[in-house]
Amino acid sequence: VEVEAKGMKVESREGEVVTLTQEKVTSDDIEIGSSKDCTFYVLAKVAVLRLVNLTNCRVFCGPVEGSLYLEEARDSLVMAAAHQVRLHKANKVDFYLRSRSYPIIEKCSEVRFAPYSFRYDGLEAELERTRLDEENELWTDVKDFGWLKST
């Protein structure tokens with residue numbers, strides 16, 4: 001799954017704590033990529049969040065109105081609520097999710113899933129606005145598309 005950001009990119013960070021608030025973002029389409037040993041807080045309105053090539057990173061995100069895409073991550077943690085979650089090439093990554101559809105994984109190993117537990121002021125209103133306020137436990141029913149063979 002190759003998906004290129006059409007909006008804002010935050011990339012090539014190492015050993016930083018990065019907080020993206022509504023005042024700091026330039027688009028609701030955000031890509032965080034090519035980073036190592038970082039913690040990212042995404043506290044802005046997001047339509048699409050792309051996480052690409054992360055190593056030993058932690059990503060804490062409020063509601064994503066559309067899709068969360070992850071392409072290559074290792075030894076990391078991702079906490080997000082999104083309408084759709086697609087994960088590709090994750091290794092040793094813990095996901096704390098809330099989703100309106102079944103999370104889909106491909107070519108992932110040693111990944112673990114748990115319920116979304118991020119908290120900050122105003123989160124409940126944002127979850128309600130984006131129709132992600134109901135915990136439906138879909139994080140327990142991850143679909144692995146990696147077993148499908150091409151014909």
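The values are calculated or read from the model by the stated rules, or taken from the named source; none is laboratory data. In this text the structure is predicted, and so the values were computed from the model without any measurement. With ideal geometry, Cβ positions are generated from the backbone for all residues, glycine too; neighbour counts draw on all protein chains shown. We work out accessible area using only protein heavy atoms, side chains counted, and drop any ligands, DNA or RNA first. Shrake-Rupley method; radii C 1.70, N 1.55, O 1.52, S 1.80 Å.
I need a count of the residues in region 114-125 that are within 18 Å of L97 (Cβ to Cβ), aliphatic (A, V, I, L, M) and not in a strand (DSSP E or B). Before the answer, list the steps.
Going through region 114-125, the residues within 18 Å of L97 (Cβ to Cβ) turn out to be 114-120, 123-124.
Okay, now just the ones that are also aliphatic (A, V, I, L, M), so 114, 123.
Of the ones still in play, those that are also not in a strand (DSSP E or B) are 123.
Adding up the residues that qualify gives 1.
For residues that are farther than 17 Å from S12 by Cα and among the charged types (D, E, K, R), tally how many sit in region 40-74.
Qualifying residue count, region 40-74: 2.
Go through region 34-64 and report how many residues are of a type outside the set (F, W, Y) and within 12 Å of the chain's Cα centre (by Cα).
At the first step, the residues of region 34-64 found to be of a type outside the set (F, W, Y) are 34-39, 42-59, 61-64.
Next, from what is left, pick out any that are within 12 Å of the chain's Cα centre (by Cα): 42, 46-52, 54, 57-59, 61-64.
Counting residues in region 34-64 that are of a type outside the set (F, W, Y) and within 12 Å of the chain's Cα centre (by Cα) gives 16.
Take L123 and tell me if it is open to solvent by less than 40 Å² (accessible area, probe 1.4 Å) and at pLDDT 95 or above. Even if it seems obvious, please write down each step before you answer.
Details: open to solvent by less than 40 Å² (accessible area, probe 1.4 Å): yes; at pLDDT 95 or above: no.
Considered against the rule, which asks whether it is open to solvent by less than 40 Å² (accessible area, probe 1.4 Å) and at pLDDT 95 or above, L123 comes out as no.
Could you list, ordered by first residue, the pairs with Cβ atoms under 8 Å in which the first is in region 123-134 and more than 17 Å from V42 (Cβ to Cβ) and the second is surrounded by fewer than 12 Cβ atoms within 10 Å (Cβ to Cβ), at least 6 apart or interchain?
Close Cβ pairs (under 8 Å, with a partner that is surrounded by fewer than 12 Cβ atoms within 10 Å (Cβ to Cβ)) amount to D133/E124.
Please pick out the residue among E134, E128 that is assigned to a helix (DSSP H, G or I), more than 18 Å from V78 (Cβ to Cβ) and open to solvent by 50 Å² or more (accessible area, probe 1.4 Å). Spell out how you get there, then give the answer.
Numbers: E134 fails: assigned to a helix (DSSP H, G or I).
Of the residues listed, the single one that is assigned to a helix (DSSP H, G or I), more than 18 Å from V78 (Cβ to Cβ) and open to solvent by 50 Å² or more (accessible area, probe 1.4 Å) is E128.
Filter the strands (runs of 3 or more DSSP E) completely within region 1-103 down to those with at least 3 residues that are small (G, A, S), without any contact (Cβ under 8 Å) to a residue 24 or more places away in the chain and open to solvent by less than 30 Å² (accessible area, probe 1.4 Å). Before you say what the answer is, go through the steps one by one.
Details: elements: 8-11, 17-21, 29-36, 39-43, 46-55, 58-99.
Qualifying strands (runs of 3 or more DSSP E): 58-99.
What is the one condition in (1) touching a strand residue (DSSP E or B) at 6+ places or on another chain (Cβ under 8 Å); (2) open to solvent by 40 Å² or more (accessible area, probe 1.4 Å); (3) in contact (Cβ under 8 Å) with a residue 24 or more places away in the chain; (4) more than 18 Å from V46 (Cβ to Cβ) that A114 does not satisfy?
Of everything listed in (1) touching a strand residue (DSSP E or B) at 6+ places or on another chain (Cβ under 8 Å); (2) open to solvent by 40 Å² or more (accessible area, probe 1.4 Å); (3) in contact (Cβ under 8 Å) with a residue 24 or more places away in the chain; (4) more than 18 Å from V46 (Cβ to Cβ), A114 misses just condition (2).
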